[in-house]
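Heads up, the thing below is written out as structure tokens.
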Amino acid sequence: MVKKYDIAIIGAGAAGLTAAFTAAGFSKKVVLIDKNLPGGECTWSGCIPSKSLINIAKEVHHAKKYTPNLEVDTSVVLKDIQDIIQKVYAGESPEVLKQSGIDFVNGYARFVGPHTVEVEGKQIEAKKIILSTGSTPMVPPIEGLDNVSYLTNETIFTQKSFPKTMTILGGGAIGVEMSQALNRIGVKVTLVEKSEQILPKDEEELVLMIQQRLIDEGITIHTGATAVKAAQKGGQIDLTIEKDGSGTTVSGEGLLIALGRQANVKGYNLEQAGVDYDSKSIKVDDHLETSAKGIYAIGDVVGPYQLSHMANAQGITATQNAILPINKKMDYEHVTWCTYTDPELGRSGLSEKEAREKYGDSIRIYEHEYADLDRANTKKDSIGKVKIILDKKGYILGASILGDRAGEIISQIQTIKSLHINMGKLSGVIHPYPTYSEVLVKIGKKVYVDNLLNQPVVKTFNKAKAGELPADKIAIYGAAAAAGIGIANMAIKNNSKPKLGVENGRLKEMPSTPNAVSSQAASIDKHVPAWPYNGSKKEAKKNLIGMLKGFEGITIIQNDENYVYAVAKSKKMKFKDDIEFFFNDAAQRIEFRSASRVGYSDAGVNRKRYDEMRSRYFSISAHTRNS
Ligand SMILES: Cc1cc2nc3c(=O)[nH]c(=O)nc-3n(C[C@H](O)[C@H](O)[C@H](O)COP(=O)(O)OP(=O)(O)OC[C@H]3O[C@@H](n4cnc5c(N)ncnc54)[C@H](O)[C@@H]3O)c2cc1C
């Protein structure tokens, strides 16, 4: 008998579990199939055991500072790791899945038709199918490797104890994390990497800092070295590596292969379903649908980022596309990751090199050393650096952080980036002291100031001031450049210190900014009529104050015999306007002036406000006269 479902998911790792819970959340009839227990690589042989080992190793490392001869029984470490795996697995067991409305089927699934799979002799048919079959460790064709008992992430955590010495082949995140953690619990580690740099996807400058830390802790690192031969010599595994044309042999009781992941695309008849794939991945479109309609693929089997959180994100997108009448694109703009060395190396978005390639030299780079961070300085041997890359307006393009809690700080950056918040806004966000995250406020303050200085008018002015706008350029750009300088000039003038008050029977300074209006203005377009007293000066003053108080956003700052000064906060433009009134007794009129404290156009806010104030004043003043 064929069992029918709305949605069948093959592979119960990070990707498949997310897809299953999402589908169940939409009340769909869902089946999750896995040849092993649910949890996949992340729970059983990836994130969870590796991060548990890292935590234990960190504790040992710190304890060793005060107890240098501390010895670790690695069989106890491995047992603790298994306990932690069970703790995580308890949250994704078949019983838990059942409670959430998900049927779990334990067995190997093979396609027997476009929408039908066979598991342990039973057929399952589903309207929509999601493939989340994951990956397996990549093992290269190195001479002699088949004849040595090498380890991978799938076998290392199920050992009884760790070997005393270990060669780790592969200087990516897994190889580097494992190197440091194993070394800290007493395994003598040699790390071999083909590229010239370990962690080749990360910022070189930060990678070199962590590399030095690993060397200082006692790890031997060979970069630019290719493994060409492996041989078992009794209890030792010899690995021949070639570097700069010459060969060397490194030896260890253990050899860990950490050379990346290979997509699981073979063995379950993808051809039967019409799903296209190559040796690297199952092919999907922007919406994660494969070449076969109604069949989606997610997680490590698809890439391009073989990370649990990317698998989760894909799981949600694909399931929504499979279930709902929408076709959501998978968004890879906001990618992030963290390498859990001590200290951690976190990354969000682009590196400096990638940003330069994409946006040229308009990018802005902000750096802050951990040495200038109080919290970091409370630790004796702290190292670290934060690097944030912004676009010209102050929005985050990418960031890299090496330092304690980098994984948490980069998550804040990831939030700011994904929600498209200008980095300058961080300047005003209060953080607890002393925290590592304060670094974001410190950088935010610099960005805030630079954002102001980057306003085109201010830039033009500064250029003009520095003599960087020669006559021929002004000629070329003509009026535009000249106007730019003029506006910039005014901006600076207005921004710095407005000359307020009365001098020689007039309001002090003729307003000259384009957004100013005044009853003194020489130029006609800025000119506004003065207001008559309409009776006694005392009445006129009362009416004026009454009128001002009736406005939202206007605050009276000074109220003298012949002078009233108020400030209006323009919500629209986010800038202050100075508003002044002078009671010219000789002429029996109220003279007016208003100008924004920044020099660029405020879209006529001042004039509009003047007209509104004038009409209100006249209505009160007319009423007073008549009563
Ligand atoms: C040592 C290590 C540390 C890592 N650390 C991190 C980390 O800190 N952060 C991070 O984000 N990522 C980390 N990763 C990567 C992360 O583990 C993977 O990206 C993630 O687990 C992939 O999930 P997945 O669901 O795509 O695949 P998997 O978890 O591999 O799940 C695939 C499942 O499909 C099943 N399956 C395959 N074919 C069939 C079939 N035909 N029938 C039935 N079942 C089938 C398999 O049994 C498996 O359970 C780490 C990886 C390793 C190796």
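The values are calculated or read from the model by the stated rules, or taken from the named source; none is laboratory data. Nothing here was measured: the structure is a model prediction, and the numbers come from that model. Positions of Cβ are generated from backbone atoms using ideal geometry, with glycine treated the same way; all protein chains shown enter the neighbour counts.
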Members of the stretch 531-551 found to be closer than 12 Å to Phe583 by Cα and among the polar types (S, T, N, Q), listed by number | Ser536
Taking the condition of a type outside the set (Phe, Trp, Tyr) and either within 14 Å of the ligand (Cβ to nearest atom) or within 16 Å of Ala273 (Cα to Cα) (or both), does His61 pass?
-> no
So how many residues does the stretch 278-296 have that are away from the ligand (no atom under 12 Å from the Cβ) and outside any loop (DSSP other than H, G, I, E, B)?
-> 3
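Quick grid of which residues meet (1) aromatic (Phe, Trp, Tyr); (2) within 15 Å of the ligand (Cβ to nearest atom):
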residue	(1), (2)
Ile84	no, yes
Leu97	no, yes
Phe104	yes, yes
Tyr108	yes, yes
Glu125	no, no
Pro137	no, yes
Pro141	no, no
Name the one entry in Leu131, Leu145, Leu78, Leu70 that is farther than 30 Å from Tyr5 by Cβ and either within 16 Å of the ligand (Cβ to nearest atom) or of a type in the set (Asp, Glu) (or both).
-> Leu78
For the stretch 566-595, what are the residues that are hydrophobic (A, V, I, L, M, F, W, C) and either surrounded by fewer than 15 Cβ atoms within 10 Å (Cβ to Cβ) or at pLDDT 85 or above (or both)?
-> Ala566, Val567, Ala568, Ile579, Phe581, Phe582, Phe583, Ala586, Ala587, Ile590, Phe592
Of Gly299, Gly254, the only residue that is away from the ligand (no atom under 14 Å from the Cβ), buried (at least 20 other Cβ atoms within 10 Å of the Cβ) and not hydrophobic (A, V, I, L, M, F, W, C) is Gly254
Can you name the residue in the stretch 154-172 that is crowded, with 22+ Cβ neighbours inside 10 Å and within 11 Å of the ligand (Cβ to nearest atom) and is also farthest from Ile54 (Cα to Cα) among such residues?
-> Gly170
Restricted to the stretch 596-616, and to residues that are of a type outside the set (D, E, K, R) and at pLDDT 85 or above, which residue is farthest from the chain's Cα centre (by Cα)?
-> Ser615
Taking the stretch 367-386 on its own, how many of its residues are over 24 Å from His62 (Cα atoms) and surrounded by fewer than 20 Cβ atoms within 10 Å (Cβ to Cβ)?
-> 1
Members of the stretch 111-151 found to be basic (Lys, Arg) and in contact with a helix residue (DSSP H, G or I) (Cβ under 8 Å, 6 or more places away or on another chain), listed by number = Lys128
Take Glu203 and decide whether it is surrounded by 21 or more Cβ atoms within 10 Å (Cβ to Cβ) and among the charged types (D, E, K, R).
-> yes
